[in-house]
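A short write-up of the structure that comes next.
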Amino acid sequence: MRLALCNEVLADVPLERQCEIAASLGYDGLEIAPFTLSESPERMTSAEIARVRRSVESAGLVVTGLHWLLVEPPGLSVTDPDPRVRQRTQEVVAALVRMCAELGGSVLVHGSPKQREIAPGETHAIARARLVEFLAAAAELAQAEGVIYCIEPLAPRETALVNTVAEAAEIVREIDRPALRTMIDCSAAGAAERVPVAALIDTWLPTGLIAHVQVNDPNRRAPGQGQMDFAPILAALRRQRYAGTVSVEPFEYVPDGIGAAAFAAGYLRGIIEALDASAASSSREP
């Protein structure tokens, strides 16, 4: 497992400094929110993207992927009744898929709840059909670039469209494209799922439909800063031989961005070291 930091946690400092801080705290990579790079990230040139990649890799990190895809430019939506808005959104995502590949990332996480709302006067079924159409096209783009596109289940407080892993998995299976998967966000799962996150992992990792994990507490703070116990979650990922990225994505930074990133890194690394020690001890037993 690689441990990544979602870079908007440190968005108040330049990218180069973000990389220095993340590396010093023991992270393996950055998961980048495109809006932190530009107000029009879809217009970034290959040369500009290459400079971002060099900045990250010069600090000894890698770009693991992208998330918060549709924050900028404004006016995007995959469920808007206006087909021109949906087409524009598709064009932006095509550019972001290319960006992810050029950065060396492997996963794009489609959360963006405000850009997948059910339009006033329309039904859940209509919005879902538009989302499915969009994801099918995104999956084709992702496959061409050799990356994975993930639809992220989010809590009902954020969106009425795709709240559970089961709902996301149904869409992934319906579209049936190798580059389309879903993922687990611990904060959202803690608010929307009926079972603990560790049980969710044991249920869904073996299906091959889970391509990414984000760790955060249901109180929206960093792992370890709330009531959720992440030791069983990391143990379940180990048990299922998860070899992807675990990304730290708090939404409330306590005491600040650097402090939240540092706390999460120490807390999670401590759990991982304890799991390693336990596994080593078990292997030595007769």
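Condition first: surrounded by fewer than 24 Cβ atoms within 10 Å (Cβ to Cβ) and within 14 Å of Leu70 (Cβ to Cβ). Can you find one or more residues in the range 160-168 that meet it?
Yes, there is a match, as at least one residue in the range 160-168 is surrounded by fewer than 24 Cβ atoms within 10 Å (Cβ to Cβ) and within 14 Å of Leu70 (Cβ to Cβ).
For a quick check of your reading of the model, give me the residue pairs whose first member lies in the range 259-273 and is closer than 15 Å to Asp28 by Cβ and hydrophobic (A, V, I, L, M, F, W, C), whose second is in a helix (DSSP H, G or I) and modelled with pLDDT of 95 or more, with beta-carbon atoms closer than 8 Å and at least 6 apart or on different chains.
Correct list of pairs: Ala261/Val9; Ala261/Leu10; Ala261/Ile21; Ala261/Ala22; Leu268/Leu234; Ile272/Leu234.
Pick out the one residue from Glu31, Glu16, Glu8, Glu20 that is closer than 18 Å to Ala261 by Cα and in contact with a His (Cβ under 6 Å, 6 or more places away or on another chain).
On the way: Glu16 fails: in contact with a His (Cβ under 6 Å, 6 or more places away or on another chain); Glu8 fails: in contact with a His (Cβ under 6 Å, 6 or more places away or on another chain); Glu20 fails: in contact with a His (Cβ under 6 Å, 6 or more places away or on another chain).
On inspection, the qualifying residue turns out to be Glu31.
Going through the range 200-216 one residue at a time, which ones are in a helix (DSSP H, G or I), of a type outside the set (S, T, N, Q) and closer than 13 Å to Thr164 by Cβ? Can you show your working first?
From the range 200-216, those in a helix (DSSP H, G or I) are 200-207; that's our starting set.
Those left that are additionally of a type outside the set (S, T, N, Q): 200-202, 204-206.
Within the range 200-216, Leu200, Trp204 meet the criteria.
Just need a number here: residues in the range 189-199 that are outside any helix (DSSP H, G or I) and either closer than 20 Å to His110 by Cα or among the β-branched types (Val, Ile, Thr) (or both).
Residues flagged as outside any helix (DSSP H, G or I) and either closer than 20 Å to His110 by Cα or among the β-branched types (Val, Ile, Thr) (or both) within the range 189-199 amount to 2.
Taking Gly26, is it assigned to a loop (DSSP other than H, G, I, E, B), surrounded by fewer than 20 Cβ atoms within 10 Å (Cβ to Cβ), touching a Leu at 6+ places or on another chain (Cβ under 8 Å) and modelled with pLDDT of 95 or more? Steps first, please.
Numbers: assigned to a loop (DSSP other than H, G, I, E, B): yes; surrounded by fewer than 20 Cβ atoms within 10 Å (Cβ to Cβ): yes; touching a Leu at 6+ places or on another chain (Cβ under 8 Å): yes; modelled with pLDDT of 95 or more: yes.
The answer is yes for Gly26.
Can we say Ser106 is in contact (Cβ under 8 Å) with a residue 24 or more places away in the chain and out of contact with any Lys or Arg (no Cβ under 9 Å at 6 or more places or on another chain)?
Values: in contact (Cβ under 8 Å) with a residue 24 or more places away in the chain: yes; out of contact with any Lys or Arg (no Cβ under 9 Å at 6 or more places or on another chain): yes.
Spelling it out, Ser106 is indeed in contact (Cβ under 8 Å) with a residue 24 or more places away in the chain and out of contact with any Lys or Arg (no Cβ under 9 Å at 6 or more places or on another chain).
Under 8 Å between Cβ atoms, which residue pairs at least 6 apart in sequence (or on different chains) link something in the range 79-94 that is without any contact (Cβ under 8 Å) to a residue 40 or more places away in the chain and in a helix (DSSP H, G or I) with a partner that is of a type outside the set (A, V, I, L, M, F, W, C) and crowded, with 19+ Cβ neighbours inside 10 Å?
Filtered contacts from the range 79-94: Val85/Ser77.
So Thr182 fits all but one of (1) under 26 Å from Arg239 (Cβ atoms); (2) hydroxyl-bearing (Ser, Thr, Tyr); (3) in contact (Cβ under 8 Å) with a residue 40 or more places away in the chain; (4) not in a helix (DSSP H, G or I); what number is the exception?
Failing condition for Thr182: (3).
Restricting attention to the range 4-22, which residues are within 18 Å of Tyr253 (Cα to Cα) and either among the acidic types (Asp, Glu) or touching a Gly at 6+ places or on another chain (Cβ under 7 Å) (or both)?
Within the range 4-22, Ala4, Glu8, Val9, Leu10, Asp12 meet the criteria.
Only one residue in Leu37, Leu103, Leu70 is within 19 Å of Arg181 (Cα to Cα) and of a type in the set (A, V, I, L, M, F, W, C), so which one is that? Step through it out loud before you land on a result.
Details: Leu37 fails: within 19 Å of Arg181 (Cα to Cα); Leu103 fails: within 19 Å of Arg181 (Cα to Cα).
Exactly one residue qualifies, and that residue is Leu70.
I'm trying to understand the selection: among the residues of the range 39-58, which are in contact with a Cys (Cβ under 7 Å, 6 or more places away or on another chain) and farther than 19 Å from Ser106 by Cα? It would help to see each step written out before you state the result.
We begin by selecting, within the range 39-58, every residue in contact with a Cys (Cβ under 7 Å, 6 or more places away or on another chain); these are 55-56.
Within the range 39-58, none qualify.
What residue, of Ala139, Ala125, is free of Cβ contacts under 8 Å to residues at least 24 places away in the same chain and assigned to a helix (DSSP H, G or I)? Steps first, answer last, please.
Working: Ala139 fails: free of Cβ contacts under 8 Å to residues at least 24 places away in the same chain.
Selected residue: Ala125, the only one of Ala139, Ala125 that is free of Cβ contacts under 8 Å to residues at least 24 places away in the same chain and assigned to a helix (DSSP H, G or I).
Which is assigned to a loop (DSSP other than H, G, I, E, B) and among the charged types (D, E, K, R), of Glu167, Glu158? Before the answer, list the steps.
Working: Glu167 fails: assigned to a loop (DSSP other than H, G, I, E, B).
Answer to the selection: Glu158.
The values are calculated or read from the model by the stated rules, or taken from the named source; none is laboratory data. It should be emphasised that the depicted structure is a prediction, and the values quoted were computed from it without experimental measurement. Ideal geometry is used to build each Cβ from the backbone, glycine not excepted, and the neighbour counts take in all protein chains shown.
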